[in-house]
Each structure stands twice: as structure tokens, then as C-alpha cells.
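Note sheet for the following structure.
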Amino acid sequence: MRPGGSMLGHVLRHLLLIAGLVIMLAPFVWMVSTSLKPPNEIFSTKLSLLPNTWAAAENYTKAFTKVPLLRYLLNGVIVTGGIFLLQLMVSLPAAYALAKLRFRGRDILFTMVLIGLMIPAQAPAIPRYVMLYEAGLLDSYAALILPFVFSAFGIFLMRQFFKTVPDDLMHAARIDGLGEFEILWRIMLPLAMPAMLAFGVISIVSHWNDFFWPLIVIQTGDLATPPLGTLFFRNEEAGSDFGPLMAGTVVITAPLVLLFLAAQRRFIEGVTLSGMKG
Amino acid sequence: MTTQYIQDATPAERRAAQALVSPAWLMFVVLLAGPTLAVFVLSLTDWQLGAPTMNFIGLGNYAQLFTDRVFWKSFGNTAVYCLVVVPGSVFLGLGLALLIEGATFGRAFYRAAYFLPVTSTLIAMAVVWEFLLHPSVGLINVVLEQIGIQGGDWLKNPGRALFTLAGIGIWQSAGLNMVLFMAGLKSIPADLYEAAEIDGAASAWERFRCVTWPMLGPATLFVTVVSGIRSFQVFDTVEVLTKGGPNKSTEVLLYTMYTEAFNFFRTGYGAAITVVFLVVVLALTLLQVKAGEKRTHYG
């Protein structure tokens, strides 16, 4: 595509895009706006973006005291961080071997990775739940983290990346007397940073936002991830005290939105790459 | 041929490789392959979680499933949801991609802004939508009232609730389709447009009809299938906003699976629903692979 067209065309184009934006962003804008208002203004049918009397302090204080919002966010960091770290520990060595080494079973493993890419996360849910139940691990961080340690997407992405690294680099390292583990650790790992970041974006976004699995395995409020915590908060409020509730959703959505705004390009590239793989 | 490259490797290389892939093999078997195969086995049993006995009942669960009105309702609702969300979000995504890529300034801004709903935590935004859709104080009905329309109840009206959820689905996924289309648009060579112009395609519409649309065909197929797979997995908004109601009007496949397996602990029956779900997703995925292959021919 190339830019072009008449002056009128340009104006119409931007008018249309801005009108669309108003609709797309309305939920975010109204969420923030409501989180600043006192109840009488929330229940008024007179529309206004900014409150007459500011109630931000009350709403946010109430949100933080009613439910452990910071705890939810911390849980989100622990769970997504734990998942990503373990995924890397499993994926990186396997991806390197699949890309660069010759060994028995290589083709089978790669086929399994490709099959793994096709299986939606909800398919193995019931047996995973039974396994955690038998192991007495339900309602724990382990239940939130362990099922996702194997990432077909992570192995696939890293393997594709390692394929692009020239073989000469490894040959030189081997002549210098480095073993395969050292080559992976000291040469490949630093090179793989961009691919790891792309994988990190996808892994963290999808597990931070995941709701299905935490809903199934977590009962204790203190272990709730941000989405599950949001639901606990909503149920607590019985959907009537909108000011604090919207303040809570602002706090819950803020980390990913800020991360996205800070690293848009990488986000969009990463997500495009995966077709938003769960 | 396949073993030749293995023989070329030194024993040290082979040993190191086996050590490097062993964690991945172990995790694959324990966490993915084992559980996925176990779903098929469980679907042939009458097991309920915690029950001491388990009997093989053959295809009994499937027989029950196919005579269960709730299951068919659920399957139908999921299909309707997809049939609304897929065209809605694909056309919206395409329109946005064309409008934004053709703009002379502000492209990065528009792209980021329209993409925002894709990365935001859907559960939190569902709670916001619940407030926006509130029958008396929600923004949507208040705005509608100012132009003289009675909005009514969006989530408790059985004829409307599923479409309300589909609207949220379109809102959430249009930005993703937009960036996928942008990637497709970038791969169309600029000289094709020049050639079309020389051949007399003067208007923007002509250029779209003769160049953009045919060249984008494979990408469109790919985006459509990806959207189909995603919307077939609808669950979050149903659980938060309607719980399958009112009157089962928003009961969808994953939600039925969730309630059977994890609320009623009818494990075998839930597994059978999972198998149906998995079969549909895999069929769509194979379509995606085919679409992906075509796409690379053009890309």
C-alpha cells in the first residue's frame, strides 16, 4: 500500500479512524473516569468525563483495602515469571539441539513440537487437574505454574532462531575446546536475547491474562492471579459499588497496558508472530 | 538417509544432544501428550473425580452427548458466536489495516490504539463492559437514551445476550486481525499498484479490487481461520457476564465442558465434550496450516 489520495480523502480517513477510536477506547476512558467519581455522579445520567467532586482517593483506597489487589499483582508476577523461566530452561537446550546437533530421535521430537503447537490449552485440562489432585497440589503456585512448563511454541520459536546462527560459530567454539553446554550457555544464550524477548512477550501476556486455568485450580483468595482476583472483587462488590470496582480494574489492567505502551513494536511483532497462540 | 547424519555425529555430540532434549521430552510426555491422550481414554469411562470405581462404557458418553439438548444448544451457540465474531472482526481488521496503512501520518499511533484491547486483561475489561452495559446507569444506554432509543437489557435478554458477548469479542480481537492484515499488506509489491494504474485502475476502489484484494486472499483465509479458532474458544466473557444464561442462551462449548468437569465433576462426560472441542479446533488448525502454506507462496 502507498499513501495517496485527495485532501478530502485524507480528512475523511482520519475522521473515520478517530470515530472508530472513540468507540474502541471508550471502555478504557470510562473505566478511568468512573474510578475518579463519587457514587452520586456515577449514578447520574449526565455524562461527564471528569468528576465535579473528586473521589479518586476514596475509590482507590477502598479498592486496595477491600481485596488484596497488590497481592493479586504479585501473584501475577510470580506465576508468569515462574512459567517463563521454567519454559526457557526446558525450551532453550531442546531448541539448540534440534537446530544444531545430530542425534537419534531429532525428527520425532520436532514433529511432536509441531503437533504440540496445534493443541489448545484447554484440551489437557481435565487430566492435568486429576494429576494435581492426586499429588495434593491443587490450590497452590505449583498448580498455576507446572502445567505450562512445556511450551511447544517456545521450542519452535527458539529453534527457528538458532537455525539462523552460522555453524562456523560453533565449530570455532568446539576447536577452542568448549562442550555443547558451554556453547549453549556462553555463545548461543547472549545471541538469542531478541528471540527470548519475543517469546517472553507472548508467554507473559497469555499467562497473565489466562483465566480458565486459575479459575479451575485456585480456591484461596490469596493465590488469585489478576484476572481471578478481578472476579473475586466483582463478586464481593455484588456489582453495585462501581467507583472502587473500576479503580480495581484500572489497577489490574495497568501493568500490561503500560508494558504494551513502553514496548509496542515488540508486542505487536510478537503477537503477530504467534497468531496469539495460547 | 535419515540415519546418515546421526552417524556423522561424534558420540559426544549425540550424548550431549540427548541430555539437552531430555527435559523437553519428559515434560512433553507428562504435561502434554499424556494428558491429551488421557482425555480420550477418560471420555470412554463413567468416572467421576474422587469416585473409587471407573467403568469403561465405550461410546456411552458420546451417545448421551448427542441426545443432550444442552450440548446441542451449546454447540449451536458456539457456532453462532463464531459466525458473528469472525466476519465482524475480520472485516473490521481489514478495514482498519487499509485505512491506517494508507494514512500519511499517525500510523503508529492508530495501530497502537486499536491494538490496545488485544493485550488488555479481558476479565478486567469484561467487568468494565458489565458496567457499560448496565441497563439504567451504563454508558451505552445513557448515550442511546439521549438520542431517544431505549437500550433495554443487554445481558439478561435471551435473544440478545449472545450477540452482546459477540460484540465484546469483536471489540477485543479486531486489533489482532488488523496487525495480521498489515503484515499481509506489506508483502504486496508496490510496482503492482503502478502497473494497475497504467492499466487504467484510476480510483482507490479499482486498485483495491484489482490488486489488494486478490493479493490479500491467502492472508484473509489465514486471518479468518485464526479468528475462528480463537472465537471457538470463547469462555471468559461467558463465565464473568452471563454464566451461560439467561435460559442457556449463552451456553458455549468450553463453558459446558467447564461446568460438567469442574462443577459437577462428571469427569468422563466432561472429557467427551473436550474431545469434541479438540476435534473441531484441530480441524480448523489443519485449515490454518494449509492457509499458512499458501500464504508463504505469496509472501
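If I filter region B:56-75 for residues that are farther than 24 Å from residue B:234 by Cβ, surrounded by fewer than 22 Cβ atoms within 10 Å (Cβ to Cβ) and in contact with a strand residue (DSSP E or B) (Cβ under 7 Å, 6 or more places away or on another chain), do I get at least one hit? Within region B:56-75 (the criterion being farther than 24 Å from residue B:234 by Cβ, surrounded by fewer than 22 Cβ atoms within 10 Å (Cβ to Cβ) and in contact with a strand residue (DSSP E or B) (Cβ under 7 Å, 6 or more places away or on another chain)), the answer is yes, since at least one residue qualifies.
Considering each residue of region A:215-267, count those that are at the interface with chain B (Cβ under 10 Å from one of its Cβ atoms), of a type in the set (A, V, I, L, M) and more than 20 Å from the chain's Cα centre (by Cα), and give that number. Adding up the residues that qualify gives 2. Does residue B:260 count as part of a helix (DSSP H, G or I), more than 8 Å from chain A (Cβ to nearest Cβ), farther than 29 Å from residue B:96 by Cβ and over 21 Å from the mean Cα position of the chain (by Cα)? Yes.
Residues that are closer than 30 Å to residue A:143 by Cα and touching a helix residue (DSSP H, G or I) at 6+ places or on another chain (Cβ under 6 Å): does region A:28-39 have at least one?
No, region A:28-39 contains no residue that is closer than 30 Å to residue A:143 by Cα and touching a helix residue (DSSP H, G or I) at 6+ places or on another chain (Cβ under 6 Å).
Being under 30 Å from residue B:259 (Cα atoms) and either crowded, with 18+ Cβ neighbours inside 10 Å or of a type in the set (Val, Ile, Thr) (or both): is that true of residue B:244 here? Criteria met by residue B:244. Scanning region B:88-101 for residues that are crowded, with 19+ Cβ neighbours inside 10 Å and out of contact with any helix residue (DSSP H, G or I) (no Cβ under 6 Å at 6 or more places or on another chain) returns a single hit, B:98. Kindly establish whether residue B:261 is farther than 30 Å from residue A:129 by Cβ and among the hydrophobic types (A, V, I, L, M, F, W, C). No. Does region A:157-178 include one or more residues that are out of contact with any Ser or Thr (no Cβ under 7 Å at 6 or more places or on another chain), in a helix (DSSP H, G or I), within 25 Å of residue B:255 (Cα to Cα) and of a type in the set (Lys, Arg)? For region A:157-178, residues out of contact with any Ser or Thr (no Cβ under 7 Å at 6 or more places or on another chain), in a helix (DSSP H, G or I), within 25 Å of residue B:255 (Cα to Cα) and of a type in the set (Lys, Arg): absent. Among the residues of region B:126-141, those identified as out of contact with any Pro (no Cβ under 6 Å at 6 or more places or on another chain) and surrounded by 24 or more Cβ atoms within 10 Å (Cβ to Cβ) are B:126, B:127, B:129.
The residue that is nearest to the chain's Cα centre (by Cα), among those in region B:117-147 that are modelled with pLDDT of 90 or more and more than 7 Å from chain A (Cβ to nearest Cβ), is B:126.
Can you tell me how many residues in region A:124-147 are surrounded by fewer than 21 Cβ atoms within 10 Å (Cβ to Cβ) and either part of a loop (DSSP other than H, G, I, E, B) or not aliphatic (A, V, I, L, M) (or both)?
The number of residues fulfilling the criteria is 9.
Residue count for region A:121-145 under the criterion of being among the hydrophobic types (A, V, I, L, M, F, W, C), within 24 Å of residue B:273 (Cα to Cα) and in contact (Cβ under 8 Å) with a residue 12 or more places away in the chain: the result is 6.
Filter region B:167-187 for residues that are of a type in the set (Gly, Ala, Ser) and more than 9 Å from chain A (Cβ to nearest Cβ); which is surrounded by the fewest Cβ atoms within 10 Å (Cβ to Cβ)?
B:187
Residues that are more than 16 Å from residue B:243 (Cα to Cα), of a type outside the set (D, E, K, R), outside any helix (DSSP H, G or I) and modelled with pLDDT under 90: does region B:158-166 have at least one? No.
Are there any helices (runs of 4 or more DSSP H) wholly within region A:1-98 with 3 or more residues that are among the hydrophobic types (A, V, I, L, M, F, W, C) and either farther than 30 Å from residue B:98 by Cα or without any contact (Cβ under 8 Å) to a residue 60 or more places away in the chain (or both), and if so which?
A:7-34, A:56-66
The values are calculated or read from the model by the stated rules, or taken from the named source; none is laboratory data. Being a predicted model, the structure only gives us computed values, none of them experimental. Here the Cβ is made from the backbone with ideal geometry for all residues, glycine too, and neighbour counts use every protein chain on show.
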